[in-house]
1. Given a 1.4 Å probe, how much area per residue of segment 159-201 is accessible, in Å²?
2. Can you work out ³J(HN,Hα) from phi for every residue in segment 43-58, in order, using Karplus 6.51 cos²θ - 1.76 cosθ + 1.60 and θ = phi - 60°, giving whole Hz and x for Gly and Pro?
3. Once label points are set 7 Å from the Cα along Cα→Cβ at both Glu316 and Ser277, what is their separation, rounded to one decimal in nm?
4. With each pseudo-label sitting 7 Å past Cα toward Cβ, what's the Glu174-Phe350 distance in nm, one decimal?
5. Sorted by average packing, counted as other Cβ atoms within 10 angstrom per residue and highest first, what order do 234-245, 46-57, 283-294, 7-18 take?
6. Report the Cα centroid-to-centroid distance between segment 192-226 and segment 50-77 in angstrom, as an integer.
Amino acid sequence: MTSKELSFGIVRAVAIIASILLLLFFLYKVATVIVYCIVSVVFSLLLYPLVLFLRRKLKFRNTLAVVVSLLLVIFLISGIVLLFVPLIISQGENLSLLDINSLENNYNRLLNDVTIYLNSHNIDLQQIAKSSNLTSFSNFEFIPNFLNNIVSTVGNIGMGLASVLFISFFILKERSSFSIAFKNILPVNQKEKVLNSVEKINEMLSKYFLGLLLQLFIILVLYFIVFLIFGVENALIIALLCAVFNIVPYVGPIIATFVAGILIMISSIGTGADFASETLPTTIYVLIGMFVVQLIDNNISSPLIFSKSTNSHPLEIFLVILIAGILFGITGMIIAVPFYTSLKVIGKEFLPENKIIKALTKNL
């Protein structure tokens, strides 16, 4: 090998590495758009049976069937959102009755009592708070940041929902064209494997999302029962809100518990209920009930539902969600299972003899 060939090889390798890094950087920057596209594809797969029904049974034209299907989804989402209006109004009325000075005094008194108790057991709460950056909680500085995060999250959800609906419209409307174009660009020797993979992925994802809806319904019913037992106002709406949070694996239930506790305590404002003897015990009992519901979900319903819908071991699903959460945050946790299931299907179709793939896909 001459020095010229060696130099050319080095330059080529550097160019390839640089191109790969630029591609990865580009994908990182447009990760949100990619997620929107993936969600739109999945949403389109779930909505396509309704479009077919409107076209075949009611003789709608394709575009009209797609528009009607999306409008039905929008009305459904709007109906669910409107369910929360009475809750928001009632909580707003309760907050208007809130005596901030009294609340802060009670909070500081409670914090002081807890500090004295912990100090008697050689636990320095103030030092723990400083080392954990929790000092803002002692003077309510966290409230503006919390509200800003809520507003930002709602805005992002609205933007994401609009983007998904817009992309889904064209996917459903031009489904035949996309399908033909997709088949035409496939290599002839790999076309059958790719089409088999797409069909299997469609089947597996449909089962997964139906399983997810079943899981959320079970959680909704159990939460509703817990709230009814302890006389929580707006029990159904709060149960629905908490069930929706469970879309995010593992983290969602924690958020749901926190939100439920806040809403229950706010609901007691203006009712004349004593905080120490009535509101706080009720809140604790409800949180214990929610914890029991999560134990049932994590150990019974979720493993049974998702093991059957994805043909994966519960430990396997847990590790996949944990890794995706570390790498990509909450978004990664939400899409981890369907994405991993798709990879398993592709791996089984294209690398059926690989020992690792064979071990992971033996139940597919």
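The values are calculated or read from the model by the stated rules, or taken from the named source; none is laboratory data. Note that the coordinates shown come from a computational prediction; the quantities given were computed from them, not determined experimentally. Positions of Cβ are generated from backbone atoms using ideal geometry, with glycine treated the same way; all protein chains shown enter the neighbour counts. Heads up: the accessible areas ignore ligands, DNA and RNA and are worked out on the full protein's heavy atoms, side chains in. Shrake-Rupley method; radii C 1.70, N 1.55, O 1.52, S 1.80 Å.
1. On the way: 2880 Å² over 43 residues.
Per residue, segment 159-201 has 67 Å² of solvent-accessible surface.
2. For segment 43-58, the Karplus curve yields 4, 5, 4, 6, 8, 4, x, 5, 4, 4, 4, 5, 6, 8, 8, 9 Hz.
3. Computed distance between label sites Glu316 and Ser277 equals 5.7 nm.
4. Between Glu174 and Phe350, the simple spin-label model gives 2.5 nm.
5. Details: 234-245: 20.2, 46-57: 15.0, 283-294: 17.4, 7-18: 10.2.
Put in order of decreasing packing, that is 234-245, 283-294, 46-57, 7-18.
6. 22 Å
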